[in-house]
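Asker: Here it is: the structure, laid out below.
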Amino acid sequence: MQEILSVQTMRESDAAAIRGGTPGYVLMGRAAEAVAEKGRFTSPVAILAGGGGNGGDGYALALLLRDRGLAVTVFRVSDSFSPEGRRYYEQCLEAGIDVRPYTLGQELSGFATVVDCLLGTGFSGIPRDPVADAIRQINCSGGHIISVDINSGLSGDTGLGDTAVEAQQTISIGSLKPGHFLGRAKDCRGELVNADIGIPPLQTDAFLMEEEDAASCLPKRLNYAHKGSYAYVGLAGGSLAYSGAPRLAAMASVAMRSGAGVVSAAVPKSLCPLMAPYLLESTLFPLSEDAGGNLLFAEEEWADFCRRVQSMAFGMGIGRSDEVEKALAYVLAHYEGALVIDADGLYALSRLGWGPLIETKARVLLTPHLGEAARLLKTTAWEIEEHPLASAKELALLGRCTVLLKGPATLVSDDQESWISDRGCPGMATAGSGDVLSGVLAALLGFAQGSLPKVGAAGAFLAGLAGEAAEEEMGPTAMTAGDTARQIARAVRRLEQQ
């Protein structure tokens with residue numbers, strides 16, 4: 001578990017450290033020392049320095065690398081300096097380090113190492129020349145690229161940015177930021193290392209889910225136990241129009257592999273014979289349907305189903321209709337277990353409004369992607385992506401629930417406690433990956449240890465591990481969600497061996 005700080009929290013923490021007696025230039029020197037220690041440098045080295053604190057880190061780094069005997073050239077991309085940055089810039093000049101102004105189209109291919117000290121975590125928007133040109137030249141340099149604090153061009157809070165440095169190493173300063181994980185970060189950052197330079201955080205905005213954290217959510221399996229010790233799990237979904245049978249069957253298998261004691265799939269009756277051949281260890285719970293195989297709400301059926309299961313995932317491929325909304329309204333009004341609402345369930349929720357969710361006794365985890373979150377908040381997916389942590393917290397506050405916001409990294413929050421899971425891979429951008437995640441979550445919420453946000457993040461971590469294993473075997477283009485499902489057992493075993 002590592003702390004993640006927003007840009008504003010990091011800025012305020014930095015200011016508090018300075019007020020507490022640590023001069024800014026000392027902190028800048030520590031940052032440079034950390035980069036010099038953690039970075040992989042081969043001579044000759046080019047450092048591209050911007051005008052703020054990030055540029056100052058570059059000048060301080062140049063002094064350290066020169067003392068190591070490396071040939072260093074600093075390209076000054078801005079004529080402005082922070083006070084601390086000017087101090088180290090002048091020391092570079094006094095030391096005879098080659099500091100020269102950056103010119104558009106600057107050739108960098110002769111440098112074995114290229115260090116990005118252009119823009120810090122506080123940047124947002126679109127870089128303009130000469131910075132934009134410098135980013136392009138860094139990316140085509142062919143050298144080993146190191147970004148200091150964050151890849152220039154990315155927002156420290158969102159990881160968004162159309163023009164950004166694509167590094168082999170990124171060395172964050174002080175604390176990790178959300179922008180190291182969200183948006184485009186994973187496509188740009190390369191190896192990510194954090195450098196603690198002695199700035200006590202004023203608060204923690206989120207935690208990074210790591211392997212030992214996910215493992216801690218899985219209780220030790222005991223001999224003195226039975227299937228009921230590890231949760232009766234329900235999966236409610238499916239319709240003929242949405243390939244419900246194979247997907248729900250795969251979800252049932254995923255939930256079992258994730259540790260559930262018993263899994264029951266509640267589906268429209270006509271799906272039962274289609275699913276039966278796939279369900280070797282799980283059970284079926286037939287639901288009433290119309291002539292087209294779509295759900296018809298029958299209160300007594302849902303009352304029985306709710307009594308049977310300790311955790312439930314609702315909505316996967318179940319369709320969009322008034323009957324689905326009636327079923328969800330009933331579950332929210334009467335169910336008191338752990339409830340994952342996904343896919344069509346989220347659409348039904350957007351129609352029902354916040355009232356049933358606020359009043360429910362269930363422990364609810366919503367699992368929206370950007371578009372589903374935007375529908376619930378009555379905004380746009382772009383707005384969600386621009387304010388991911390704030391949006392997840394707003395959803396959690398409005399619904400008095402926990403929200404798992406899907407994306408390149410997974411963000412989980414109940415407004416008080418937030419986690420980011422960074423596991424997963426490009427091959428998981430395929431139909432059915434959300435179903436696999438819901439199967440994992442439904443199981444873990446039934447028996448795992450920890451707060452709802454932590455267990456939700458652990459589920460995303462577990463599914464991500466499985467996806468990465470599938471991509472190793474199948475490659476990112478050919479893999480399917482079924483490949484991820486088949487690797488769940490391997491991922492669980494890895495956590496058990498922690």
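Read-outs: derived from the displayed coordinates by stated rules, not from any lab. All figures in this text were calculated on a predicted structure; none of them were measured in a lab. Cβ: placed from backbone, ideal geometry, glycine included. Neighbour counts: every protein chain shown.
Asker: Identify the trypsin sites (Lys or Arg not before Pro) of the stretch 37-127 meeting these criteria: DSSP loop state and at most 16 other C-beta atoms within 10 Å of the C-beta.
Answerer: Values: sites: K38, R40, R66, R68, R76, R86, R87; in loops: R40, R68.
Here the trypsin sites (Lys or Arg not before Pro) that fit, given the DSSP loop and packing criteria, are R40, R68.
Asker: Return the long-range amide H neighbours of I173 (sequence gap of 5 or more, or a different chain), with a cut-off of under 5 Å between placed amide H atoms.
Answerer: Correct list: D149, A195.
Asker: What list of ³J(HN,Hα) couplings, whole Hz, do you get for the stretch 140-147 from phi and the Karplus terms 6.51, -1.76, 1.60, once you set θ to phi - 60° and write x for glycine and proline?
Answerer: These are the phi-based 3J(HN,Hα) values: 9, 6, x, x, 6, 9, 10, 9 Hz.
Asker: While we're looking at this one, here's another question. Across 10 Å bins from 0, what is the distribution of all Cα-Cα pair distances for the stretch 2-201, in whole percents?
Answerer: With a bin width of 10 Å, the distribution comes to 10, 41, 38, 11, 0.
Asker: Nearest-5 percent of antiparallel DSSP beta bridges in the chain? Walk me through the intermediate numbers first.
Answerer: Numbers: 11 of 66 bridges.
In the chain, approximately 15 percent of DSSP beta bridges are antiparallel ones.
Asker: Next question, about the same structure. Considering only Cα-Cα distances, which of the following residue pairs are longer than 28 Å: K227/K326; K220/K393; K227/K361; K227/K269; K186/K454; K326/K406? Walk me through the numbers on the way to the answer.
Answerer: Values: K227/K326 31 Å; K220/K393 32 Å; K227/K361 25 Å; K227/K269 26 Å; K186/K454 22 Å; K326/K406 26 Å.
Checking Cα-Cα distances, K227/K326; K220/K393 exceed 28 Å.
Asker: Would you list D342, D415 from fewest to most Cβ contacts within 10 Å?
Answerer: Fewest to most other Cβ atoms nearby, the residues stand as D415, D342.
Asker: Something else: Checking the a/c ratio against 1.5 first, then a/b against b/c, what shape does the Cα gyration tensor give for the stretch 231-274? Don't jump to the answer; show the numbers that get you there.
Answerer: Values: a/c = 2.71, a/b = 1.95, b/c = 1.39.
In terms of gyration-tensor shape, prolate.
Asker: Oh, and also: Collect residues whose amide H, placed 1.01 Å from N in the peptide plane, falls under 5 Å from the amide H of T283; neighbours closer than 5 in sequence don't count.
Answerer: Long-range HN contacts for T283: V263, S264, A265.
Asker: With axes computed from alpha carbons, what is the tilt in degrees of helix 388-399 against the longest principal axis of the chain, rounded to the nearest 10 within 0 to 90?
Answerer: 30 degrees
Asker: Further, regarding this structure: Determine by what factor the alpha-carbon radius of gyration of the chain differs from 2.2 N^0.38 Å, reporting the quotient.
Answerer: Values: Rg = 25.6 Å, N = 498, 2.2 N^0.38 = 23.3 Å.
That works out to 1.10 for the chain.
Asker: From the square roots a ≥ b ≥ c of the eigenvalues of the alpha-carbon gyration tensor of the stretch 360-452, which class results: rounded (a/c under 1.5), prolate (a/b over b/c), or oblate? Write down the numbers at each step before the final one.
Answerer: On the way: a/c = 1.60, a/b = 1.04, b/c = 1.53.
Judged from the Cα gyration tensor, the stretch 360-452 comes out oblate (a/c at least 1.5, b/c at or above a/b).
Asker: Whole-Hz Karplus ³J(HN,Hα) for the stretch 363-380, in order, using 6.51 cos²θ - 1.76 cosθ + 1.60 and θ = phi - 60°, x for Gly and Pro?
Answerer: Each residue's phi maps through the Karplus curve to give 8, 9, 10, 8, 10, x, 8, 4, x, 5, 5, 5, 5, 5, 8, 6, 9, 10 Hz.
Asker: Let me ask another. Under 5 Å between amide H atoms, partner at least 5 residues away or on a different chain: which partners does V74 have, H built in plane at 1.01 Å?
Answerer: I47, D98, V99, R100
Asker: Follow-up. Once phi is turned into θ = phi - 60°, what whole-Hz ³J(HN,Hα) does the Karplus curve with 6.51, -1.76 and 1.60 give for every residue of the stretch 346-361, x standing for Gly and Pro?
Answerer: In residue order, the calculated couplings are 5, 5, 4, 5, 5, 7, 6, x, 7, x, x, 6, 5, 8, 5, 9 Hz.
Asker: Excluding residues on the same chain fewer than 8 positions from K38, give the aspartates and glutamates whose Cα lies under 20 Å from its Cα.
Answerer: E3, D57, D67, D116, D149, E166, E191, D196
Asker: Rank these for me by crowding, W302, W354, W419, W382, going from fewest to most other beta carbons within 10 Å.
Answerer: With the sparsest Cβ surroundings first, the list reads W382, W354, W302, W419.
Asker: Which value in deg cm²/dmol, rounded to the nearest 500, describes the helix-derived mean residue ellipticity at 222 nm for the chain, given -39,500 (n - 2.57) per DSSP H run of n ≥ 4 and division by the residue count? Please list the in-between numbers first.
Answerer: On the way: 20 runs with 208 residues, N = 498.
Helix contribution divided over all residues of the chain: -12500 deg cm²/dmol.
Asker: Something else now. Please state the shape class of the stretch 241-336: rounded when a/c is under 1.5, otherwise prolate if a/b exceeds b/c and oblate if not, all from the C-alpha gyration tensor. Don't skip to the answer; put the middle values down first.
Answerer: Details: a/c = 1.83, a/b = 1.17, b/c = 1.56.
Here the stretch 241-336 falls in the oblate category.
Asker: With angles folded into 0 to 90 degrees, how steeply does helix 433-447 sit against the dominant principal axis of the chain? Use alpha carbons for both and round to 10.
Answerer: 70 degrees
Asker: If you find the alpha carbon centre of the stretch 267-340 and of the stretch 97-128, how far apart are they in angstrom?
Answerer: 57 Å
Asker: What's the exposure ranking of F81, F285, F461, F314, going from fewest to most Cβ atoms within 10 Å?
Answerer: Placing the least packed residue first, the sequence is F285, F81, F461, F314.
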